[in-house]
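Worksheet: the structure to be examined is printed underneath.
The values are calculated or read from the model by the stated rules, or taken from the named source; none is laboratory data. The shown structure was predicted, so the numbers you read here are calculated from the model rather than taken from an experiment. Using ideal geometry, Cβ is built from the backbone for each residue, glycine included, and neighbour counts are taken over all protein chains shown. Side chains included, ligands, DNA and RNA excluded: accessible areas come from the protein's heavy atoms. Shrake-Rupley method; radii C 1.70, N 1.55, O 1.52, S 1.80 Å.
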Amino acid sequence: MSDAPGGQPTAAPPTEGPDGGAAGRSARELEFRDPEKARALAEALERVVGEVDRDRVSVMHVCGSHEQSIAKYGIRTILPQGLDVIMGPGCPVCVTDMPEVDEAVALARQGVRVATYGDMLHVPGTVQSLADAQADGARVDVVYSASQAVELARDTDDEVVFFASGFETTAVATAAVVLAEPPDNFSVLSAHKYIPPVMEIVAEMPHTRVEGYLAAGHAATITGSALFERFVDRHGIPVVVAGFEPLDVLAGLVQLVELVRDDDPRVVNMYPRCVTEQGNRNAQEQLWKVFRPTGGKWRGIAHVPNGNLRLRDEYAGVDARRRFDIDVGSLRRGSPTPLTQACICGDIMAGRSSPHDCSLFGEECTPENPVGACMVSSEGTCKIWHQYGGHPDL
Amino acid sequence: MCLGVPGKVVEVKGDVAVVDFWGVRRETRLDVVDEPVSPGDYILNHVGFAIRKIPEAEIGETLALYSELLEEAGGDMMAEDVRDEIEQASMPSSDPTPGVPRGPEGNR
């Protein structure tokens, strides 16, 4: 089956600016754009899950936007009892490890100007977040894009370090500004992550059951769907590339569970409107020209071989790690607070626990006062469940 | 942070395009998109870069989804992420009335 759009653009032209109208509508009232189609897909899913020859089927997605859609539209309320859809490490901010945050904090405390995406500001390091450092007087700028960080450097003689996070989709933007001859006072502290290797690690983790993956649509826009074929060959687990619209998610799940039922591990692209088999080759060229994959620890997950993106030697001049003597020693001598130690963000990202298993969730840990990274980012499971309610009581 | 947003290309200036996102004009860089882009095309913008030219047959479906999301009140997480994405493109230097809603640039 295919979720490709019907062909005729039936969209009413958008008539309002982004802030216009509909104020006060609750998320649930929005419902599905096509309730009948949603119902048909839900029924198909129920049937297909019933046809799998065991009690439970467990699949994982690795995209914050998927989780937003699943929670926002209450998709778990219509999932069959026998199907678990868990969120894996799909939040790049959340998997940024404390030592990486410590490097940015140390640089800021050394007097270097640090520019970063807004979500990174509140991610806890060992003893401080960048927001804490800022409150202590360090210069930290929130930017919306890598280009803005470059502009910031152009407007000053100070050293500007772009603390760059995000998966391959976002790393491409960092690569492009590195290749576009940034000013001499600009450098990059890369915390970029590469999703395909972590899918391999999580699939093999002893306490995590992954029988199929729903791969993230827009990351695959860059890498292409064919990239997952090697994973499928190695692990015998099907991968379905899906969009984040609720109907896209449901259709993706039906396809995925069909592949599980038929023991037919292969890659199916259900998001052809954004993803091609080979992806965006120009973007891939730039990405791999600037970055090389190296192993590194992902917060809460494990050491992930090839999971981190670091600048290649040719770009050493733009690499903050080689440009500065980053003194993280003083930060590491501190120890995390008891609250931080009670945080189970890592188990949540590995699919072993849900936010409701955490004693801090909604109590000590809220979007206003986040303890762990999963409550900081709009792609973090905890923040998403806090807003939308997450897992309904059935 | 892996959510792109579609917009209509209004003008191409070398490696940069002026793009209309629901009446908000922003500049989007064309360094990484893998097809030539000209005025009238729709692109998917992510953190200020066009990452894909949207095939013509897919434009209507893609816009419908985002229009609906953008009708959400402030504070809705997905809608905010989409708005952030629009912010992530930079303000065009030459546009005299940036951000003034002027209705759609005609998505047909």
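Tabulated results
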| read-out | value |
| --- | --- |
| Degrees separating the helix A:98-109 axis from the principal Cα axis of chain A, which is the longest one | 40 |
| 1.4 Å probe, heavy atoms, protein only - residues of the range A:164-184 losing at least 30 Å² accessible area vs chain alone | A:169, A:170, A:173, A:176 |
| A:330, A:359, A:354, reordered so the largest accessible area comes first (probe 1.4 Å) | A:359, A:330, A:354 |
| Estimated [θ] at 222 nm from DSSP helical runs (n ≥ 4, -39500 (n - 2.57)) normalised by residues in chain A, nearest 500 | -10500 deg cm²/dmol |
| For the range A:221-367, share of DSSP beta bridges that run antiparallel, in % to the nearest 5 | 65 |
| Amide proton proximity set for residue B:52, modelled H, under 5 Å, gap of 5+ | B:44 |
| For the protein assembly as shown, with +1 on Lys and Arg beta carbons and -1 on Asp and Glu, the positive-most of B:5, A:171, B:46 along the dipole | A:171 |
| Shape call, the range A:256-353: gyration tensor on alpha carbons, a/c limit 1.5 | oblate |
| The range B:1-59 - charge dipole about Cα centre, Lys and Arg +1 at Cβ, Asp and Glu -1, debye rounded to 20 | 200 |
| For residue A:297, distant residues with modelled amide H under 5 Å away | A:304 |
| Under the Karplus curve 6.51 cos²θ - 1.76 cosθ + 1.60, θ = phi - 60°, whole-Hz ³J(HN,Hα) for the range A:199-214, x wherever Gly or Pro sits | 4, 5, 5, 5, 4, 9, 5, x, 9, 10, 9, 10, 9, x, 10, 9 |
| In Å², nearest 10: area of residue A:76 left accessible to a 1.4 Å probe | 10 |
| Tail weight of P(r) past 14 Å, computed on alpha-carbon pairs of the range A:338-388, percent | 38 |
| Percent of alpha-carbon pairs separated by more than 40 Å within the protein assembly as shown | 16 |
| Residue A:132 accessible area, assembled protein chains, probe 1.4 Å, Å² | 70 |
| Computed accessible area, residue A:232, all protein chains, 1.4 angstrom probe, square angstrom | 10 |
| Between the range A:293-327 and the range B:10-79, the alpha-carbon center distance in angstrom | 31 |
| Fraction of accessible area attributable to carbon and sulfur, the range A:125-211 (%, probe 1.4 Å) | 43 |
| Unit charges at the beta carbon, dipole of the range A:229-297: most positive-side option, A:279, A:256, A:241 | A:279 |
| DSSP-defined beta bridges in the protein assembly as shown - what % are antiparallel, rounded to 5 | 45 |
| Peptide A:215-225 - average C-beta neighbours from other chains (10 Å radius) | 3 |
| Ratio Rg/Rh [Cα only; Rh per Kirkwood] for the range A:55-198 | 1.08 |
| Electrostatic dipole magnitude of the range A:338-388 [Cβ: Lys, Arg +1; Asp, Glu -1; Cα centre; debye, to 20] | 120 |
| Average other protein chain Cβ within 10 Å of Cβ, residues B:43-56 | 6 |
| Entries in A:289/B:53; A:37/B:8; A:37/A:383; A:37/A:72; A:289/B:8 that, when Cα-Cα distance is taken, lie over 24 Å | A:37/B:8; A:37/A:383; A:289/B:8 |
| Accessible area buried between chains B and A, both sides summed, probe 1.4 Å, in Å² to nearest 100 | 5000 |
| Hits among aspartates and glutamates - C-alpha to C-alpha of residue A:297 under 18 Å, sequence gap 8 or more where chains match | A:97, A:100, A:102, A:103, A:168, A:200, A:204, A:347 |
| Rounded to the nearest 20 debye, dipole of chain A from Cβ charges on Lys, Arg, Asp, Glu | 420 |
| Whole-number accessible area per residue in Å² for chain A, which is evaluated in the context of all protein chains at 1.4 Å | 38 |
| Packing-based order for A:334-346, A:182-194, A:152-164, using average beta carbon neighbours within 10 Å, highest first | A:182-194, A:152-164, A:334-346 |
